[in-house]
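Single-structure report; data block below.
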Amino acid sequence: MNTATGHPYIDALLKGFETPRGGASWLNERRAQALERANALAVPTTRDEEWRFTDISPLIRVPFRRAAGAARPPMADVARFVAPEATTRLTFVDGVFAPELSATAGLPYGVVVSPLIAALDTHAAVIEPHLARHAGFERKVFAALNTAHLRDGAFVWIARNQKCPTPVQVLYLSTQQEAAAYPRCLAIVEAGAECTLIEDYASLGEGIYFNDAVTEVVVGEGARVRHARVQREAGGAFHIGHCAVVVAKDAHYASHAVALGARISRLELNVLQQGEGADVQMDGLALISGRQLADTHTLMDHARPNGRSKQLHKCIVGGAAHAVFNGRIVVRPGSQLTDSSQQSRNLLLSDKAHVDTKPQLEIFADDVKCAHGATVGRLDPEQLFYLRSRGLPEPQARNLLTYAFAAEVLDCIPVPSLVEQLEETVLAQTQALPLDGGGKGGGA
């Protein structure tokens, strides 16, 4: 199959690409369709409206190759990323499943946590209606690349009215320099079922690499899903993620997305209210400094009546870093009695820090309650004065207020050990940030 696109970056990522032989015909067809779209689509630039604040030219200048087989790290090196509550865990190293670093035994009836390639042999009827169906790749080149390369991934299935007794952790570790990996996750939580999913991206060392990730989450009628997504990549890494969620009637979905690492990172989180009476919560935090860029684009699509959604996104930006948040809420015709709110709150810690925030409301129904707001500011001088008047030195007072600003989001994550890990990371990063409170501004 000809994979030449005329774009050196895409050609490099597709170099040596071969459509996998064997397997289900429907999956091979979807891979082929994705490859065709990767051939046709252009790499986004700042001339594209959806990318106008995010310059990915540093990403496309690196000659990435597909991650190859490498020595697996010892469990002792991986342990610091493991959430003890998550007794079920799938670990992938440079995009390849690592059974010796995983734990899948002892699951109750009706709960399947498995590498996707193995699950295709036993649960194809469950997988086929959903895999590569919700995270559309027709207009998104990175989603198309991921789907074209789809070989390995994580599969989580909770059968009707079943409950996964402990959180499920899907851990993606990166070890190779200038390598591209394509993490994939499909989670299907059927009607009346419950699950807590941890999706974790981390590195065992510093380096330059690229993770092009796609996740699809299906929340059945009356089901409850809590989804924590943690991006703590190496400082020189690149991370582009797509997460597509469909929520059925009377279901509840809660997302907690945290971005701490990577030179350039972007998350597109699209939630579709597919059934009446669905309830969605979306919390996000980006903590960046130096010359990092963290971009979050969200879409809350209310396609049925009586939907509820609540979103809080926070950015803490130091150094010369740049944060982007674009939060879009759509209320379709006929989606009456929708109740949707969104807040974007941003804290700048230096004169060179920068944030672009763009809340959007598109309402095509007349009996709704929708609101959004955005603030950008510095630490509240009155709060800072109060802490200093109680004897705290200015550096400690600033660090404490910055930490408290982040903790509001972190404390909502339903996994105590993960909250503790992240709070330690956030505290360490806030203490390392240089003091530069120049200029005046309202408290964020």
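Okay, here's what the table says:
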quantity: Matching option when the condition is under 21 Å from L186 (Cα atoms), in contact with a Ser or Thr (Cβ under 7 Å, 6 or more places away or on another chain) and basic (K, R), among R304, R266, R224; calculated: R266
quantity: Unmet requirement for A371, which otherwise passes all of (1) farther than 26 Å from L410 by Cβ; (2) among the aliphatic types (A, V, I, L, M); (3) more than 23 Å from the chain's Cα centre (by Cα); calculated: (1)
quantity: Selected residue (criterion: farthest from Y172 (Cα to Cα)) from residues of the stretch 59-77 that are touching a Phe, Trp or Tyr at 6+ places or on another chain (Cβ under 9 Å), assigned to a loop (DSSP other than H, G, I, E, B) and open to solvent by less than 30 Å² (accessible area, probe 1.4 Å); calculated: V62
quantity: All strands (runs of 3 or more DSSP E) inside the stretch 321-427 with 3 or more residues being open to solvent by 70 Å² or more (accessible area, probe 1.4 Å); calculated: 369-377
quantity: Among (1) surrounded by 19 or more Cβ atoms within 10 Å (Cβ to Cβ); (2) touching a Phe, Trp or Tyr at 6+ places or on another chain (Cβ under 8 Å) - the single one V141 does not satisfy; calculated: (2)
quantity: Of residues in the stretch 17-45 being open to solvent by 70 Å² or more (accessible area, probe 1.4 Å) and outside any helix (DSSP H, G or I), the one modelled with the lowest pLDDT; calculated: R21
quantity: Single match in Q162, Q177 (criterion: within 20 Å of P108 (Cβ to Cβ) and out of contact with any helix residue (DSSP H, G or I) (no Cβ under 9 Å at 6 or more places or on another chain)); calculated: Q162
quantity: Qualifying positions in the stretch 290-303 - surrounded by fewer than 21 Cβ atoms within 10 Å (Cβ to Cβ) and in contact (Cβ under 8 Å) with a residue 40 or more places away in the chain; calculated: G290, H297
quantity: The stretch 86-101, residues that are under 21 Å from the mean Cα position of the chain (by Cα) and open to solvent by 20 Å² or more (accessible area, probe 1.4 Å); calculated: R89, G95, V96, F97
quantity: Residue that is farthest from M282 (Cα to Cα) [pool: residues in the stretch 336-347 that are out of contact with any helix residue (DSSP H, G or I) (no Cβ under 6 Å at 6 or more places or on another chain) and in contact (Cβ under 8 Å) with a residue 60 or more places away in the chain]; calculated: N346
quantity: Positions within the stretch 125-147 being at pLDDT 95 or above and of a type in the set (G, A, S), in sequence order; calculated: A125, A132, A135, A143, A144
quantity: In the stretch 356-396, the residues that are hydroxyl-bearing (S, T, Y) and farther than 30 Å from R308 by Cα; calculated: Y386, S389
quantity: Residues (in a strand (DSSP E or B), among the small types (G, A, S) and in contact (Cβ under 8 Å) with a residue 60 or more places away in the chain) located in the stretch 236-246; calculated: A244
quantity: Test: residue in the stretch 88-98 that is hydroxyl-bearing (S, T, Y), modelled with pLDDT of 95 or more and in contact with a Gly (Cβ under 9 Å, 6 or more places away or on another chain); calculated: yes
quantity: Qualifying residue in the stretch 51-58 (condition: over 26 Å from E194 (Cβ atoms), part of a loop (DSSP other than H, G, I, E, B), free of Cβ contacts under 8 Å to residues at least 60 places away in the same chain and not small (G, A, S)); calculated: yes
quantity: Members of the stretch 173-204 found to be outside any strand (DSSP E or B), touching a residue at least 40 places away in the same chain (Cβ under 8 Å), of a type outside the set (S, T, N, Q) and surrounded by fewer than 22 Cβ atoms within 10 Å (Cβ to Cβ), listed by number; calculated: E178, A191, L204
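Here's the yes/no breakdown for (1) at pLDDT 80 or above; (2) aromatic (F, W, Y); (3) out of contact with any Lys or Arg (no Cβ under 8 Å at 6 or more places or on another chain); (4) more than 30 Å from A86 (Cβ to Cβ):
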residue	(1), (2), (3), (4)
R378	yes, no, no, yes
G391	no, no, yes, yes
C412	yes, no, yes, no
G438	no, no, yes, yes
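The values are calculated or read from the model by the stated rules, or taken from the named source; none is laboratory data. The structure presented is a predicted model; accordingly, all values stated were derived computationally and were not measured. Quick reminder, even Gly has a Cβ in these numbers, built from the backbone with ideal geometry, and neighbours come from all protein chains shown. Keep in mind that these areas ignore ligands, DNA and RNA; they rest on the heavy atoms of the full protein, side chains included. Shrake-Rupley method; radii C 1.70, N 1.55, O 1.52, S 1.80 Å.
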